[in-house]
Structures are given as C-alpha cells and as structure tokens.
Amino acid sequence: MKQHPVRHLISLDDLADADLREVVERGAQYASGGVGRPLEGLVAGIYFVKTSTRTRTAFSTAMLRLGGAIVGYGPGDLQTNTGETNEDSGRVLSRMLDLLVARTAGDPAEMRQWARQSRMAVVNAMSADEHPTQALADLTTLTLHFGKVEGLRLLYVGEGNNTAAALALALSRYPGVELYLRTPPGYGLSASVLERSRRQGARSGAVVLERHDMDATALPKDVDAIYTTRWQTTGTAKPDPNWRHVFAPFQVTEALWEHSPRAVFLHDLPAHRGEEVTEGVLDGPLSIAFDQAENKLHSAMAVLEWCRADRWQGAGSGEVPSPARAGRT
Ligand code: CP
C-alpha cells in the first residue's frame, strides 16, 4: 500500500500557529459552501466509546461530503475489548483506513498509542483532558460571527473541563484575546493547561485569567461572548456528592448580560436547561449555540482535509465569509 503524508490531531499542540489559523479559516470557508471532493477514495474509521450527537455526526458527514467513506465502530466493537493493544490495533487499522476519528475514555496519551504508525491520521474527537476539535469549531464560529478571533474578550463560566481546556489552549494563541474563566472551586483548569495557556499568551499577547467565584464586582464588562458547557461532562462522574451546591452560583443567567449587553452566548451542547444555563439565555436572541453546533461539521471538514497533507488545499485559496455581525474593533 502506497503511503501518504498523514498529520495527527490529538491535541491543539499538534497544530502550529499557522496551521491553527488555516484550519479555522478553512472551516469558515466550508460554512459558505463550495465543498469539492478532496478526500475522494479515502476511508475514515469513526470510533466512539462514549456517547455523541454532534461530533460523531459531524465527522461522519464531513467525510462523506468530502467524497470519502466511513466505517463506524461502537464501544464494544474492537478487539481492544479483549486485550489487543491500542498500538497493535492502530498498526492493523492503518493498513486499511486512511484516518481514524476517535472518542476515548482515556487521556491523549492513549490516543498517541493509536498514532504509533505513519499511515493513518488519528483525530481526537474528545478525550478526558482535551476536546481539540470542539475548540476548532468554536473558533470557526467566532470567525464567522466577528470576522476574526484576534482581540476578542470572552467570559467562560463553568467547569474547567476538556472543552474549557481546549478553548484556553486555542484562544491563547491569538493576539489581544482576553479569556476570563470563572470555574467552581476544585473544578478549574488543570495546572498544565493553565501554564501552557499562559506561556502561549505571553508569546502572542493573549491573556488567560481564572477565578473560582462569581463576585459580580470582579466580572469583566463588555465581553464579546459568554460561554458555558454542561456540568456533567460526557462519561465523567464527580466524587463529591455535594457538587451541585458548589456549581449552583455558576449558572449562566440573563443577569450576566447586565454589563455585556452585546455578548453572544456560546455552548458546546448538549445543554441541560435550567442547570448550567437558563432556557431564556439558550433560546435568547444572543445565543449562537446552534450555529456553533452546525459549525462542528464545517470545522470537521477542515480537520479531515488538513490531516492528509497531500489533499490539503488550505485556506489561502478561498475567501473567508463576511462576519455575520460586526464585532469589536
Ligand atoms: N459538543 C460535543 O462534543 O457534542 P457531542 O458530545 O454530542 O459530540
């Protein structure tokens, strides 16, 4: 079998700054149509050991729309369940598949075991520590709405989970970005993610600031976007039986818009209405959460194309659509 250059996307660390911008812009281009069939003749395995509505459908549909084919695996399907190692499974699948999109129960290190071969690109569709393709969809959404990511100011409220981690690791690459996180005590970003985000921010000019309270006098004013995620991240359980009490002050309500009246609302979904967000916010006029969900498809198309360097056309050849609404200067 002839080998082709593959690029794994297991962490945002796998994308150089220029790659990150290109993938985000390419996703925004796909949102405006004009698809083509750059992945014609390729086959992707879609392997999800955890539930998914958006990500699994986005990557499956993206592969089909780009001219490729898919093979789907559920949690009990592969021989890893009977003791075959991830490395051996990856070596075998790489002789038949061109890409593998995987949602696992483990950390990115487990995903790297699948990637110990050079024939099949591996994409992290969410691991315990990081949800990199969610961040790419989020930045695509911001690009489509504001026309840019640079200089945006965001308030993230909720658990410092894998979505928050990926958001911090992506946004901290963009000059002038200010990301304010309000995470419940004991449920913040990991020290590693904070340190990496701050190191990137020192290089790019972005700021990532985390607090563990909802003191109204300390909330940033005039932010461009307010973002939350559900309190119970897929497949994780909280050992503290009183965790809801700790999370309660971090619900996103209409009151957060008092000092940021133009902020759009983002949510990676699925939402638990009345828990992390009120129904009025999620369905309100400033919510772009369902556009954000659609952008997972456009962004997945860009990710799959990027993973095959020989098929990658980049974002330079096309226009990024005009912003849906003028952003801040
Ligand atoms: N946001 C997200 O990852 O959604 P799914 O769990 O439905 O894929």
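The condition (being more than 16 Å from the ligand (Cβ to nearest atom), closer than 23 Å to Ala31 by Cα, free of Cβ contacts under 8 Å to residues at least 40 places away in the same chain and not assigned by TED's automatic domain parsing to the domain that holds Asn161) is satisfied by just one residue among Gly67, Gly106: Gly67. In the range 136-153, the residues that are modelled with pLDDT of 95 or more form Cβ pairs under 6 Å with partners that are surrounded by fewer than 23 Cβ atoms within 10 Å (Cβ to Cβ) and part of a strand (DSSP E or B), at six or more places apart or across chains, as follows: Arg153/Glu178. Is it the case that some residue within the range 270-284 is polar (S, T, N, Q) and buried (at least 21 other Cβ atoms within 10 Å of the Cβ)? So far as the range 270-284 goes, no, none of its residues is polar (S, T, N, Q) and buried (at least 21 other Cβ atoms within 10 Å of the Cβ).
No other residue among Val35, Val23 is assigned to a loop (DSSP other than H, G, I, E, B) and closer than 30 Å to Pro323 by Cβ apart from Val35.
Across the range 109-126, which residue is surrounded by the fewest Cβ atoms within 10 Å (Cβ to Cβ) among those that are among the small types (Gly, Ala, Ser) and touching a residue at least 60 places away in the same chain (Cβ under 8 Å)? Across the range 109-126, the extreme among qualifying residues is Ser118. With the structure loaded, tell me whether Arg21 is within 26 Å of Lys148 (Cα to Cα) and away from the ligand (no atom under 16 Å from the Cβ) or whether it fails that test. For Arg21, the condition - within 26 Å of Lys148 (Cα to Cα) and away from the ligand (no atom under 16 Å from the Cβ) - is met.
The values are calculated or read from the model by the stated rules, or taken from the named source; none is laboratory data. Not measured: the values here are computed from a predicted model. Glycine gets a Cβ as well: all are built from the backbone with ideal geometry, and neighbour counts include every protein chain shown.
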